[in-house]
Amino acid sequence: MINVLSCITLEHDLRLVLLAAFICIAGAATFEQLLKRAIHAEGKARIGWLGIGSVALCTTVWCTHFIAMLAFHAQVPVVLDPVLTLLSLVLPVAGFFFGIAAVIYGRNIASNILGNLLIGGCIAGLHYLGMMAYRVDGIVEWKSEYVIASIVLACGLSVASGLFYKKFYDTKYAVYSVGLFALAVVSLHFTGMEAMVITPLSLSSTPMDTATFTALSIATALAGALVIAIGAICFFLDADQRQEGYNQLLKMAMTDTLTGLPNRNAYMEDLDARIEEVKARGKQLAVIGVDLDRFKDINDSYGHRAGDLALITIAKAMSRNLKVTETVARLGGDEFAATKVFESRTVLNAYLKKLEWALQTPVEHEGSNLKLGGSIGVAIYPDDGENSDTLRNNADLAMYRAKINPASKVCFYEASMDEEVRQKRELAAALARALDNDELELHYQLQASVDSGKISGMEALLRWTHPKLGPISPGVFIPIAEESGLIIRLGEWVLRRACEEAVTWENGDKIAVNMSALQLTQVELPSIIHRILLETGLPPKRLEVELTETAILEDRDRSLHVLRQIKALGVRVALDDFGTGYSSLEILRSFPFDKIKLDRFFMSEIESSAESTALVRSVLSLGKSLQIPILAEGVENENQLSILKAEGCDEIQGFYLGRPETLKDVLEKAGAGSLRIQSIKPEDHKDGEDQNSSSDAA
Ligand code: C2E
Ligand code: MG
Ligand code: MG
């Protein structure tokens with residue numbers, strides 16, 4: 001060791017030794033980067049990086065060796081054999097290539113050691129081949145113990161350096177790896193130089209002088225630096241391009257492609273950052289949920305392109321002149337969200353007004369201006385929640401409140417909304433228990449033909465008596481069942497029970513069963529109906545399913561597809577509550593309904609309002625022209641019946657005929673087990689006494 005150190009200090013030009021060391025470290029560091037890149041590349045790219053890495057490595061080792069060799073004061077004239085010098089530069093490239101390949105492709109400790117042993121061997125080979133090109137005027141002898149030590153050092157330190165490859169991403173380990181590799185090259189060189197003993201003979205006539213040695217060293221260093229720099233440039237260019245690609249991917253992952261607004265991920269990230277910001281600065285933050293009102297309607301009536309256009313237009317309007325304190329994002333579908341950092345309510349209210357206007361922006365589509373409108377829910381940090389999830393949830397609760405309240409399109413979160421949600425959850429759980437314990441029952445309401453007065457069928461209406469709260473209106477529990485998804489099981493139960501009971505009637509009257517929007521989303525609904533009909537033995541033509549327009553328009557195409565399959569079974573399909581929803585002629589034209597049920601809202605108005613009578617008249621004439629019979633719901637008195645009769649209504653249903661009652665009661669009322677009556681006779685009305693009052697139906 002001391003001999004090697006004194007060899008460096010006494011027998012070498014130290015400036016050139018430092019230059020060699022610099023080239024060695026810079027080259028090793030570049031090689032480590034290229035190796036890292038090759039490890040993570042695949043296919044041809046990996047071979048490319050492997051090639052660049054081998055050339056960079058060989059150049060590094062060769063330049064280090066060559067400069068250090070030129071730094072050596074041989075004390076005798078020296079000449080260099082050009083062929084061997086060149087071979088020492090070119091030949092080891094192949095060895096390095098296979099050594100690195102073993103490390104990269106093997107990916108296990110054995111191949112790593114083997115590959116690095118080969119690299120160490122190549123470093124040694126390059127050195128001794130270079131030394132063969134170093135012709136001195138004298139006799140050269142080799143001290144074998146130094147030669148062996150130099151080879152062991154080169155191989156051992158290369159292997160040690162290789163053991164840190166796996167931990168490259170930790171800068172500390174990368175430094176160890178580079179340091180050990182540089183040490184492998186340098187220690188080999190100087191131990192190898194110490195191994196050489198020269199006995200001068202002074203035979204040469206044209207030895208190389210010191211100035212030539214220095215110039216050659218600098219030229220070699222420059223050439224080496226150039227190759228290493230090219231390797232480094234390749235790496236940085238690639239890294240830059242990959243960063244750009246990564247940034248682009250990141251942008252895509254964070255942006256809604258249709259509107260260009262931030263998407264849900266980006267919004268949630270921004271929200272968390274905003275909460276931290278207002279927390280630190282003592283300000284307030286409004287978390288705003290926005291839902292478009294007529295989006296589905298526009299999508300269904302005018303097509304998806306109109307829907308997309310509407311989303312783009314509204315998104316543009318909402319994000320116009322956005323300040324740094326504001327964010328607008330699209331979370332999906334017609335759901336948007338916004339945030340606003342504010343200090344005074346006046347500022348927040350002005351922003352909410354701006355959003356409201358934005359939602360009113362007309363959407364120009366094929367010459368017509370479509371207006372959507374929207375509902376806005378607001379939750380405020382820190383009053384309504386301290387974290388993003390609670391705030392989002394509360395903003396949504398407020399937004400749903402705004403949605404069902406046409407009077408206010410902006411709703412602020414209130415603690416009572418949580419209570420409402422809790423109550424709904426409890427009711428849903430109680431309803432599920434009632435279904436499991438068979439505590440639900442069906443009531444039936446008569447339907448009759450206006451002309452003949454004969455009973456034409458009955459509608460099955462679900463009844464639930466809560467153990468503590470008493471009877472609960474379907475108007476309350478059906479939406480809860482829909483929200484919780486229980487309606488699927490509930491609907492199947494109703495259908496089965498109604499069919500089982502209807503099959504026991506002696507006459508062949510129809511049984512009408514209500515279907516919810518959620519049931520209609522089931523593609524297997526037709527096969528469920530088919531199975532129940534087979535199992536209960538009810539002829540399909542006796543079953544009539546009732547659906548509202550809203551249910552069909554939820555997903556128009558799918559609904560109509562399912563309805564067509566149901567109709568193909570021979571089951572009748574009725575359009576319930578007509579006149580309350582969109583009442584689009586389009587829906588009547590696109591499906592051959594077997595019946596239209598005019599909503600009972602018209603009956604409450606028909607006696608007092610000429611407008612309602614005119615509306616009923618137009619619906620009846622529409623039914624006539626489409627050849628679809630019309631049934632008027634909610635007929636409560638004779639006066640209403642005579643108006644309907646005069647206008648040509650086909651069927652009626654309502655308290656005038658009878659309230660919904662148990663099967664036993666309704667059959668008794670209809671006359672000793674037979675449902676046929678000769679003329680419509682008013683039932684004895686006991687308003688206010690009956691349990692199934694109008695409020696029950698509400
Ligand atoms: P709907 O299908 O329109 O049922 C008619 C509703 O009007 C019934 O209310 C009935 O009691 C009420 N009604 C009938 N005649 C009169 C009348 O002369 N005057 C007044 N004021 N009301 C009358 P109910 O039973 O409370 O049902 C309300 C709604 O709940 C139903 O409206 C239906 O949409 C839904 N529903 C009931 N049972 C089921 C069911 O099994 N499945 C589904 N999906 N929905 C059901
Ligand atoms: Mg109905
Ligand atoms: Mg109805």
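The values are calculated or read from the model by the stated rules, or taken from the named source; none is laboratory data. Because the structure is a prediction, the values reported are computed rather than measured. Every residue, glycine among them, receives a Cβ derived from its backbone with ideal geometry; neighbour counts consider all protein chains shown.
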Do we find a residue being within 14 Å of ligand 3 (Cβ to nearest atom), closer than 15 Å to Ile628 by Cα and not polar (S, T, N, Q) anywhere in the stretch 585-594?
yes
Do we find that Pro474 is within 16 Å of ligand 3 (Cβ to nearest atom) and surrounded by fewer than 20 Cβ atoms within 10 Å (Cβ to Cβ) in this structure?
yes
Which of the residues spanning the stretch 576-597 are free of Cβ contacts under 8 Å to residues at least 40 places away in the same chain and either in contact with a Lys or Arg (Cβ under 9 Å, 6 or more places away or on another chain) or of a type in the set (A, V, I, L, M, F, W, C) (or both)?
Leu585, Ile587, Ser590, Phe591, Pro592, Phe593, Ile596
Residue list for the stretch 54-68, restricted to those being closer than 17 Å to Val90 by Cβ, among the aliphatic types (A, V, I, L, M) and crowded, with 24+ Cβ neighbours inside 10 Å:
Ala56, Leu57, Val61
Any chance the stretch 519-542 includes a residue that's within 11 Å of ligand 1 (Cβ to nearest atom) and either within 23 Å of Leu440 (Cβ to Cβ) or under 32 Å from the mean Cα position of the chain (by Cα) (or both)?
yes
Please verify whether Ser416 is within 27 Å of Ala632 (Cα to Cα) and surrounded by fewer than 19 Cβ atoms within 10 Å (Cβ to Cβ), treating the condition exactly as stated.
no
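Is it the case that some residue within the stretch 546-569 is of a type in the set (S, T, N, Q) and modelled with pLDDT of 95 or more?
Scanning the stretch 546-569 turns up at least one residue that is of a type in the set (S, T, N, Q) and modelled with pLDDT of 95 or more.
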Mind checking which residues of the stretch 11-31 are assigned to a helix (DSSP H, G or I) and of a type in the set (Asp, Glu)?
Glu11
If we keep only residues of the stretch 506-526 that are assigned to a helix (DSSP H, G or I) and surrounded by fewer than 20 Cβ atoms within 10 Å (Cβ to Cβ), then the residue farthest from ligand 3 (Cβ to nearest atom) is Pro526
If we ask which residues in the stretch 103-126 are of a type in the set (Gly, Ala, Ser) and either in contact with an Asp or Glu (Cβ under 6 Å, 6 or more places away or on another chain) or surrounded by fewer than 21 Cβ atoms within 10 Å (Cβ to Cβ) (or both), their number turns out to be 5
Going residue by residue through the stretch 576-592, is there one that turns out to be more than 47 Å from the chain's Cα centre (by Cα) and under 29 Å from Ile298 (Cβ atoms)?
no
Only residues that are surrounded by fewer than 13 Cβ atoms within 10 Å (Cβ to Cβ) and either in a helix (DSSP H, G or I) or at pLDDT 75 or above (or both): list them for the stretch 183-214, please.
Val197, Thr199, Thr210, Ala211, Thr212
Sort out which residues of the stretch 466-505 are more than 13 Å from Leu435 (Cβ to Cβ), away from ligand 1 (no atom under 13 Å from the Cβ) and part of a strand (DSSP E or B), and write them in order of number.
Gly470
